Amino acid sequence: MTDRELVQAACSMLERAYVPYSGFPVGAALLCADGSVFTGCNVENAAYGSTICAERTALLKAVSEGHRDDWQAMAIAGRGEDYCWPCGSCRQMLYEFAPNLKLLVARGDGDFVVTTLGALLPHAFGPKSLK
Ligand code: THU
C-alpha cells in the first residue's frame, strides 16, 4: 500500500466520525506488516473528556485484534487548512507500541507530511522508563 493510499483510507473515515460537539472530524488508518489496515475515527461524548480520538480508535482496534508489534505507518487526516497533528495523548499511546512509527499527517486538501513519532515525541516516557 502506498503512503497516498493509506492517507486515503484515513480520509475515508472522516464521514464516520461522531463529532456533534466539536464538528471536527478526524480519520486514522494504521498499516501493519501483513498488509492489514485498522481504521478509526473520533467518537465524541456528551461528557466531553470521554471522547476517543481517531488515532486511539485505530490503535485499540489493532491491539485488540492481536496486532501490537508490527505497525508500519499511521495516516491521520482532518478537513482543516492545517495538517491534523496528533494530540499529546495519542502520541503517548502510540509510543507504547511503536516509538518510531512512521506518520502521514494530512490536511483537508489531501496534502500530507511524512514524519515519525520519534520526531513528534522526543524523550518520551515509555515501557523502558519503568525498568
Ligand atoms: N482529535 C482526534 O481525533 N485526534 C487528535 O489527535 C486530535 C483531536 C479529535 C478529538 C475531538 O473529537 C476533536 O478532534 C476536537 O478536538
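Throughout, read-outs are computed from the coordinates displayed, never taken from laboratory work. Because the structure is predicted, anything quoted here is derived from the model rather than measured. Quick reminder, even Gly has a Cβ in these numbers, built from the backbone with ideal geometry, and neighbours come from all protein chains shown.
Quick look at the values:
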item: Positions within segment 44-88 being near the ligand (Cβ under 8 Å from one of its atoms) and in contact with a Phe, Trp or Tyr (Cβ under 6 Å, 6 or more places away or on another chain), in sequence order; result: GLU44
item: Residues located in segment 27-44, provided they are touching a Ser or Thr at 6+ places or on another chain (Cβ under 9 Å) and more than 20 Å from TYR95 (Cβ to Cβ); result: GLY27, THR39, CYS41, VAL43, GLU44
item: Close pairs from segment 8-27: first touching a residue at least 24 places away in the same chain (Cβ under 8 Å) and farther than 17 Å from PRO86 by Cα, partner part of a helix (DSSP H, G or I) and more than 8 Å from the ligand (Cβ to nearest atom), Cβ under 7 Å, at least 6 apart; result: TYR21/TYR48
item: Residue within segment 16-23 that is touching a Ser or Thr at 6+ places or on another chain (Cβ under 8 Å) and of a type in the set (A, V, I, L, M, F, W, C) present; result: no
item: Tabulated pairs, segment 50-62, first crowded, with 16+ Cβ neighbours inside 10 Å, second assigned to a helix (DSSP H, G or I) and not charged (D, E, K, R), C-beta under 6 angstrom, 6+ apart or interchain; result: CYS53/CYS90; GLU55/CYS90; ARG56/CYS90; ARG56/MET93; LEU59/MET93
item: Some residue of segment 86-98 being among the charged types (D, E, K, R), within 26 Å of SER129 (Cα to Cα) and buried (at least 19 other Cβ atoms within 10 Å of the Cβ); result: no
item: Which numbered condition THR39 fails, given (1) under 27 Å from LEU130 (Cα atoms); (2) polar (S, T, N, Q); (3) within 15 Å of the ligand (Cβ to nearest atom); result: (1)
